[in-house]
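Just so it is clear, none of the values below were taken in a lab; they were calculated from the coordinates. In this text the structure is predicted, and so the values were computed from the model without any measurement. FYI the Cβ positions are ideal-geometry reconstructions off the backbone, even for glycines, and counts take in every protein chain you see.
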Amino acid sequence: MLILECPYCGVKAEETELTPGYEAHLKRFGPGSSDTEFEDYMFARKNPKGVHFERWRHVYGCGKWFLAARDTNTLEVFGTYPAQSSAPPADLQDKIKAKRPDWKGYK
Ligand SMILES: [Zn+2]
């Protein structure tokens, strides 16, 4: 069972209390972008075996969206942080690098 701590209300919620919002930190492309940029934004998603950043909503709790870093292979959760973040916090990235030395870092 995946358990994520909501960064807003502090509840450690099981995944049945949450709704996934898929990949975090998508760069949005709209009018004026190339067809390839727009196609990648609409359809291309990362699906790594390992460190991944995702959007989650605490739907049966405070109702807010937040972001989580976890390992898709082991289900280890590295941490959660507010949805308004444009990139994973530096301390969280340091924590991930300490646990996964082969991780290339957030791009
Ligand atoms: Zn919450």
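Go through the range 10-33 and count every residue that is in contact with a Lys or Arg (Cβ under 7 Å, 6 or more places away or on another chain) and in a loop (DSSP other than H, G, I, E, B).
Residues in the range 10-33 being in contact with a Lys or Arg (Cβ under 7 Å, 6 or more places away or on another chain) and in a loop (DSSP other than H, G, I, E, B): 2 in total.
Can you find even one residue in the range 28-35 that is within 28 Å of Asp94 (Cβ to Cβ) and within 12 Å of the chain's Cα centre (by Cα)? Break it down into steps so the answer makes sense when it comes.
Start the filter on the range 28-35 by keeping residues that are within 28 Å of Asp94 (Cβ to Cβ), which leaves 28.
Remaining after also requiring within 12 Å of the chain's Cα centre (by Cα): none.
No, there is no match, as no residue in the range 28-35 is within 28 Å of Asp94 (Cβ to Cβ) and within 12 Å of the chain's Cα centre (by Cα).
Within the range 47-71, track down each residue that is free of Cβ contacts under 8 Å to residues at least 60 places away in the same chain and part of a strand (DSSP E or B). Break it down stepwise before answering.
Kept after step one, since they are free of Cβ contacts under 8 Å to residues at least 60 places away in the same chain, are these residues of the range 47-71: 47-65, 67, 69, 71.
Val51, His52, Phe53, Glu54, Arg55, Trp56, Arg57, Trp65, Leu67, Ala69, Asp71 - these are the residues of the range 47-71 that are free of Cβ contacts under 8 Å to residues at least 60 places away in the same chain and part of a strand (DSSP E or B).
Condition (residue is outside any strand (DSSP E or B) and within 16 Å of the ligand (Cβ to nearest atom)) applied to the range 95-102: is it met by at least one residue?
Of the range 95-102, the ones outside any strand (DSSP E or B) are 95-102.
Among the residues that remain, those that are also within 16 Å of the ligand (Cβ to nearest atom) are: none.
No.
How about the range 21-45: which of its residues are surrounded by 13 or more Cβ atoms within 10 Å (Cβ to Cβ) and either under 14 Å from Thr72 (Cβ atoms) or touching a residue at least 12 places away in the same chain (Cβ under 8 Å) (or both)?
Filtering the range 21-45 down to residues surrounded by 13 or more Cβ atoms within 10 Å (Cβ to Cβ) leaves 21, 23-26, 29, 33, 37-38, 40-41.
Within the range 21-45, Gly21, Glu23, Ala24, His25, Leu26, Phe29, Tyr41 meet the criteria.
Quick one: how many residues across the range 80-107 are in contact (Cβ under 8 Å) with a residue 40 or more places away in the chain and closer than 14 Å to Gly50 by Cα?
Of the residues in the range 80-107, 4 are in contact (Cβ under 8 Å) with a residue 40 or more places away in the chain and closer than 14 Å to Gly50 by Cα.
Within the range 1-38, can you find the residues that are in contact with an Asp or Glu (Cβ under 8 Å, 6 or more places away or on another chain), within 16 Å of the ligand (Cβ to nearest atom) and within 15 Å of Glu54 (Cα to Cα)?
Restricting attention to the range 1-38, the residues satisfying the condition of being in contact with an Asp or Glu (Cβ under 8 Å, 6 or more places away or on another chain) are 1-4, 11-13, 20-24, 29.
Going one step further and asking which of them are within 16 Å of the ligand (Cβ to nearest atom), we end up with 2-4, 11-13, 20-21.
Passing the criteria: Leu2, Ile3, Leu4, Pro20, Gly21.
Taking the options Thr74, Thr80, Thr36, name whichever one is β-branched (Val, Ile, Thr) and assigned to a strand (DSSP E or B).
When all the criteria are applied, what remains is Thr80.
Of all residues in the range 57-107, how many are charged (D, E, K, R) and closer than 17 Å to Leu4 by Cα?
Looking only at that region, the number is 6.
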